[in-house]
Amino acid sequence: MDPSEHQASASSSAPEPTGEAATTAVASTTGKLPQKKFFRQRAHANPFSDHQLEYPLSPAHMDWSTHYPELCPTTTPRADQPKVEWVDVGCGYGGLLIDLAPLYPEKLMLGMEIRVKVTEYVHRRIEALRVQHPGKYQNTSVIRMNAMKFLPNFFERGQLEKMFILFADPHFKKKKHKARIITGTLLSEYAYFLRTGGIIYSITDVRDLHEWNVKHLEEHPLFERLTEEEVKADPVVPYIYDSTEEGKKVARNQGDKFFAAFRRIEA
């Protein structure tokens, strides 16, 4: 796919639902929340597959007005519009975004999800919440994308303040470890988009994946781990544990959750 043929307008809309999902989608415009059972999909997707994703040529080409119509109106020049600062990589069904959006209305948040139906569900959920709560949830949105490939098409250097990587695919088999969302190479890319002082948050119920994440983050020269005191003082941390569907599932099963947070430092 040639990125020059798929600029901002192509990347800004969710796919149209069909069948039961279509009925639910129509209801969401009147404030009725979509039913998750109509948007179920397998837990993970292969990040190396050709998912026929659409993306802007560059961050300057991205039209955010369709995602944040009140905060990024078309009447405001793009250069003067607020920018996305918090991203949830592999946001799933959007639990973290929904919990944080009304608490931090000044922050533009974006969920990135590769699965079609799951992205669609979050999109309809946000639409419904905006109808139910006028003036709220205008600062959060979701987009279907592959964060391992296309972050440079959406974000500028130093643009991001927080990256959330919650209950990512563990890719248990050794030959698939290259598909994990945290690697040395990918961390260098994340460091490019994170401003100095920006934070990567990671949580998983898989000890091996947690140890892998911590190892790579500790070995990277542009990240340092937050102290226990800093973690306790960070008001978003409790939501990282309990907001997502996967986090709630682990809690119900009385499983373990392994958390780590690392700060972007100067070179």
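Of all residues in the stretch 141-156, those satisfying the criterion of being touching a helix residue (DSSP H, G or I) at 6+ places or on another chain (Cβ under 9 Å) and not in a helix (DSSP H, G or I) are Ser141, Val142, Ile143, Arg144, Met145, Phe155, Glu156. Take Arg115 and decide whether it is without any contact (Cβ under 8 Å) to a residue 12 or more places away in the chain and under 30 Å from Gly31 (Cβ atoms). No.
Screening the candidates Glu127, Glu113, Glu120 for the property of being modelled with pLDDT under 95 and under 19 Å from Lys32 (Cβ atoms) yields one hit, Glu120.
Hey, can you tell me all the residues within the stretch 196-212 that are within 16 Å of Met163 (Cβ to Cβ) and open to solvent by less than 10 Å² (accessible area, probe 1.4 Å)? Show your work before the answer.
To start, the set of residues in the stretch 196-212 that are within 16 Å of Met163 (Cβ to Cβ) comprises 196-204.
Hits for the stretch 196-212 are Gly198, Ile200, Tyr201, Ser202, Ile203, Thr204.
Every condition in (1) modelled with pLDDT under 95; (2) surrounded by fewer than 16 Cβ atoms within 10 Å (Cβ to Cβ); (3) touching a Phe, Trp or Tyr at 6+ places or on another chain (Cβ under 9 Å); (4) not hydrophobic (A, V, I, L, M, F, W, C) is met by Arg78 except one, and the failing one is (2). Counting residues in the stretch 238-248 that are β-branched (Val, Ile, Thr), over 19 Å from the mean Cα position of the chain (by Cα) and crowded, with 18+ Cβ neighbours inside 10 Å gives zero.
Out of all the residues in the stretch 213-232, which are exposed (fewer than 14 other Cβ atoms within 10 Å of the Cβ) and either within 26 Å of Tyr192 (Cα to Cα) or touching a helix residue (DSSP H, G or I) at 6+ places or on another chain (Cβ under 8 Å) (or both)?
Pass one, the stretch 213-232, residues exposed (fewer than 14 other Cβ atoms within 10 Å of the Cβ): 215, 218-219, 221, 224, 227-230, 232.
Of everything in the stretch 213-232, those that are exposed (fewer than 14 other Cβ atoms within 10 Å of the Cβ) and either within 26 Å of Tyr192 (Cα to Cα) or touching a helix residue (DSSP H, G or I) at 6+ places or on another chain (Cβ under 8 Å) (or both) turn out to be Lys215, Glu218, Glu219, Pro221, Glu224, Thr227, Glu228, Glu230.
Kindly establish whether Leu100 is over 24 Å from His61 (Cα atoms) and in contact (Cβ under 8 Å) with a residue 60 or more places away in the chain. Yes; evaluated as a whole, the condition is true for this residue. Figure legend. Inter-residue proximity from the stretch 239-267: first residues free of Cβ contacts under 8 Å to residues at least 12 places away in the same chain, second residues among the small types (Gly, Ala, Ser) and buried (at least 17 other Cβ atoms within 10 Å of the Cβ), beta-carbon distance below 9 Å, spacing 6+ or different chains. Indicated pairs: Asp242/Gly95.
Within the stretch 114-140, the set of residues being outside any helix (DSSP H, G or I) and open to solvent by 10 Å² or more (accessible area, probe 1.4 Å) comprises Ile114, Arg115, His133, Pro134, Gly135, Lys136, Tyr137, Gln138.
The values are calculated or read from the model by the stated rules, or taken from the named source; none is laboratory data. Predicted model only: the values in this text are computed from it and were never measured. All Cβ positions, glycine included, derive from the backbone under ideal geometry; neighbour counts span all protein chains shown. Side chains included, ligands, DNA and RNA excluded: accessible areas come from the protein's heavy atoms. Shrake-Rupley method; radii C 1.70, N 1.55, O 1.52, S 1.80 Å.
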